[in-house]
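The values are calculated or read from the model by the stated rules, or taken from the named source; none is laboratory data. Fair warning: this is a prediction, and the values are worked out from it, not measured in the lab. With ligands, DNA and RNA removed, areas are computed over all heavy atoms of the protein, side chains included. Shrake-Rupley method; radii C 1.70, N 1.55, O 1.52, S 1.80 Å.
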Amino acid sequence: MAPKYYWKGYLKLSLVTCPVAMTPATSESEKVRFHTLNKETGNRVVSRYIDSVTGKPVKDENEVKGYARGENDYVILTEDDLDAVALDTVKTIDIDKFVPADSIEWIYLEKPHYLMPDDAVGNEAFAVIRDAMKADEVFGVSKLVMGRRERAVVLEPRGEGIVLWTLRFGDEVRPEENYFEEIDEKADPDLIPLVQKLIKQKTARWSPDMVSDPIQESLLRLIEEKKKLLKPKKAAKGRKEEAAPASNVVNIMEALRKSVETDLKNKKAG
């Protein structure tokens, strides 16, 4: 089965461009989720937007975004208004700088995504960008619009692909000193060897089985037991995948030469 992608666009470094696709590296789709039902009928309960003053349901076409500027006073923004301020980063990951791979603190890394070529023609350009970052032990820094919000991201070369991490902003990170400064720094030196022995006894190679969810497993067993008592329903047919956009990849060697020449000219002019 072909993978489903969360985002498709272009990876750009100076004049080198290649089509790419991205999907989250983690998923919670396997978690047990419940729908709210009407106990008497067995039908699903649906949510509806209700006008807070009239109490009447609001039609989908009448729903708009509102920014509060005062009590019960809003600036209304339509979908056309929001589309008008769309940024180039909606469809392009433009790497504008690089940083040493070990210079980004772990706490700023938010969510990983797998980034891969979306067209065989772009494989070479993708591979060159990936391997050059790997050789220099650097991460690429860029921006990307996700959910109408521009996010800072870093690109980490990993294996045959690239892992794109969304980043937390500085005001979202709490300094650890605020929480650890009251902790006693010195431990009893006579106790440390005993704890080390205990650690050694309990040390093993990492396996995902170490973090299995017993509640999830119990729920799945319970659901399987109840499913045996019900008649299976026919699965809905899936939609056909949309055709991939046409590629606009340029010759990578020519693009690299032009990029270097442009940078040299800019430096001489400066």
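Among 199, 215, 104, the largest mean-square fluctuation in a Gaussian network model of the chain (Cα springs under 10 Å) belongs to 199.
By its C-alpha gyration tensor, with a ≥ b ≥ c as the square roots of the eigenvalues, how is the stretch 20-74 shaped: rounded for a/c under 1.5, else prolate for a/b larger than b/c, else oblate? Numbers along the way, then the final one.
On the way: a/c = 2.84, a/b = 1.24, b/c = 2.29.
Oblate.
Overall size of the stretch 31-131 from C-alpha positions, given as principal axis extents largest first: 59, 41, 34 Å. Projected onto planes of every orientation and averaged, the convex hull of the alpha-carbon atoms in the stretch 112-220 covers 13.8 nm². Accessible surface of residue 90, taken over heavy atoms with a 1.4 Å probe and every protein chain present, rounds to 50 Å². Normalising the average separation of contacting C-alpha pairs (under 8 angstrom, six or more residues apart) by the number of residues puts the relative contact order of the chain at 23 percent. Legend: P(r) of the chain from all alpha carbon pair distances, 5 Å bins from 0, whole percents, reading 1, 4, 7, 9, 10, 11, 12, 12, 11, 9, 6, 5, 3, 1, 0, 0. Using only the Cα atoms of the stretch 111-160, build the gyration tensor, take square roots of its eigenvalues as a ≥ b ≥ c, and label the shape rounded, prolate or oblate: rounded if a/c is under 1.5, else prolate if a/b is larger than b/c, else oblate. Since a/c reaches 1.5 but b/c is at least a/b, the shape of the stretch 111-160 is classed as oblate. Using the structure shown, select from 8/65; 12/65; 4/31; 12/111 the pairs with a Cα to Cα distance greater than 28 angstrom. Where the Cα-Cα span goes over 28 Å, the pairs concerned are 12/65.
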